[in-house]
Amino acid sequence: MKKYLITSDDFYTQEDTIFQETLEAQIKKHQPDFLLYRDKENQNYPKLAKTFIQVCNKHTSVKCFLHQDPFLAKELGATGVHLNSTQFESIAKAKEFGLEVIISTHTYDEVKKAQQLGADYVTYSPIFPSPNKGEPKGIEALKDLIEQVDIKVFALGGIIEEKQIQQVKDAKAYGFASIRYFY
């Protein structure tokens, strides 16, 4: 099962060297398959995104994604872009750029739409209780969804311990995505 580490500005500083050291430490410790630089508030996002890509490129087993911006992802040579659930119209442009696409989804219809529009993966959330993310879907809903779609599904939301990861694995998800588990 694939591991998708999502960064959060709650767990690193925007100072370039410390950001780089934090990423290196997390990659070494957790050996994620996918890594997302996500920081919605940072005015220096392009600068740190460049550092992020440089760190990822040292680790050939890691696919690196930037959040919401297919143009920057293409410019910096990211593996792909992780779009939010309001960016379905950006899937085609990202694919045109040769990027892999992950898109955030929260309903069966969104997952089907992502699949039809050519996204490579979805995150489906929240599976478990997660702060400010609404009612959790639960493992049974995740299982049902996976049985009905062909797109690769990352379970997301409230995954903070091994027991939950095992439940996600048993549900046959492609992988799990998390912020708090990795920090």
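Read-outs throughout are calculated quantities, based only on the coordinates presented, and are distinct from any laboratory measurement. Remember, predicted model here, so these are calculated numbers, not experimental data. Quick reminder, even Gly has a Cβ in these numbers, built from the backbone with ideal geometry, and neighbours come from all protein chains shown.
Over the residues of the chain, the helix contribution to mean residue ellipticity at 222 nm works out to -11000 deg cm²/dmol, using -39500 (n - 2.57) for each DSSP H run of at least 4. Note on the range 51-130: Kirkwood hydrodynamic radius from all Cα pairs is 12.9 Å, rounded to one decimal. Taking every C-alpha pair closer than 8 Å and separated by at least 6 residues, the mean separation divided by the residue count of the range 43-183 gives a relative contact order of 14 percent.
Which entry in (i) 1.91; (ii) 0.92; (iii) 0.94 matches Rg/Rh (Cα atoms, Kirkwood Rh) derived from the coordinates of this structure? It is the value labelled (iii). Annotation for the range 152-168 versus the range 28-97: alpha-carbon center distance of 21 Å. Helices meeting the span-like rule in the chain (full DSSP H runs, Cα extent of at least 15 Å along the helix axis, mean Kyte-Doolittle score of 0.0 or higher): 45-57.
Here 7, 60, 123, 107 are placed in order of increasing Cβ neighbour count within 10 Å, fewest first, which gives 60, 107, 7, 123.
Give 2/28; 2/169; 113/172; 40/172; 112/169 a once-over and call out the pairs whose C-alpha atoms are over 19 Å from each other.
Correct reply: 113/172; 40/172; 112/169.
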